[in-house]
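Q: I'd like to ask some things about the structure below.
The values are calculated or read from the model by the stated rules, or taken from the named source; none is laboratory data. Worth saying up front: this structure is predicted, and the values here are computed from it rather than measured. Note that we place each Cβ from the backbone using ideal geometry, even for glycine, and neighbour counts take in every protein chain shown.
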């Protein structure tokens, strides 16, 4: 069965001497792995379309429930070449791709995450230096994937609170916390930044001018939350 969609290359893995396993996030099928025959040969029909970050229209062949369909065509829509040519940009983008792979199951279409990633890559190509955009992506991804930490009220009863409990993934009030070990006390500015990033669209990010300390504080909290859920440090964080 021939299937067509558009997708973004998240990663590739060597398979034998000349073949590749190509992992995409796609518009219609979510994250899928495909088998590409001989793309590493000089006369390969795939050319540079299998480079990480490349946005392409693809066709693949296999049964509907096949775990590794064969990639038969890949036509580049946009290569995002500049994000690969700068080491600093590529490391930030690699963190985004790794997070996406960690939080989305295979074969589970999520158009919100697909659009989020595509729009984030476009924005990063214009300016990849901003840490605010990276934090925005993390929060939106966690929200869409169902792992968003709750910071503005107690996650159990809805009462006010400002102490975040890592093991619960939420702020807890004194009554609900009981014997839980607190992780961090949150300032009103951190909670406000969290709410703004969740409530605003990407094109409004330029209006948010958080103090560097507040941005770093929220970023550190989200990174710790991600580490707790995944039970490992992101590989891109070790560079």
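Q: Does at least one position in region 166-175 carry a residue that is in a helix (DSSP H, G or I) and farther than 17 Å from residue 103 by Cα?
A: yes
Q: Among the residues of region 73-90, how many are assigned to a loop (DSSP other than H, G, I, E, B) and surrounded by fewer than 19 Cβ atoms within 10 Å (Cβ to Cβ)?
A: 2
Q: Something else now. Which residue, of 93, 9, 22, is in the same structural domain as residue 226 (by TED's automatic domain parsing), buried (at least 19 other Cβ atoms within 10 Å of the Cβ) and without any contact (Cβ under 8 Å) to a residue 60 or more places away in the chain?
A: It is 93.
Q: Go through region 177-233 residue by residue and tally those that are at negative phi, exposed (fewer than 13 other Cβ atoms within 10 Å of the Cβ), out of contact with any strand residue (DSSP E or B) (no Cβ under 6 Å at 6 or more places or on another chain) and not in a helix (DSSP H, G or I).
A: Residues flagged as at negative phi, exposed (fewer than 13 other Cβ atoms within 10 Å of the Cβ), out of contact with any strand residue (DSSP E or B) (no Cβ under 6 Å at 6 or more places or on another chain) and not in a helix (DSSP H, G or I) within region 177-233 amount to 7.
Q: Residue by residue through region 1-29, note down the ones that are outside any strand (DSSP E or B) and more than 23 Å from the chain's Cα centre (by Cα). I'd like the intermediate steps shown before the answer.
A: If we filter region 1-29 for residues that are outside any strand (DSSP E or B), which is where we start, we get 1, 16-18, 27-29.
Of everything in region 1-29, those that are outside any strand (DSSP E or B) and more than 23 Å from the chain's Cα centre (by Cα) turn out to be 1, 16, 17, 18.
Q: Let me ask something else about it. On the given criteria, is residue 131 more than 18 Å from residue 100 (Cα to Cα), in contact with a helix residue (DSSP H, G or I) (Cβ under 7 Å, 6 or more places away or on another chain) and not assigned by TED's automatic domain parsing to the domain that holds residue 30?
A: In short, no.
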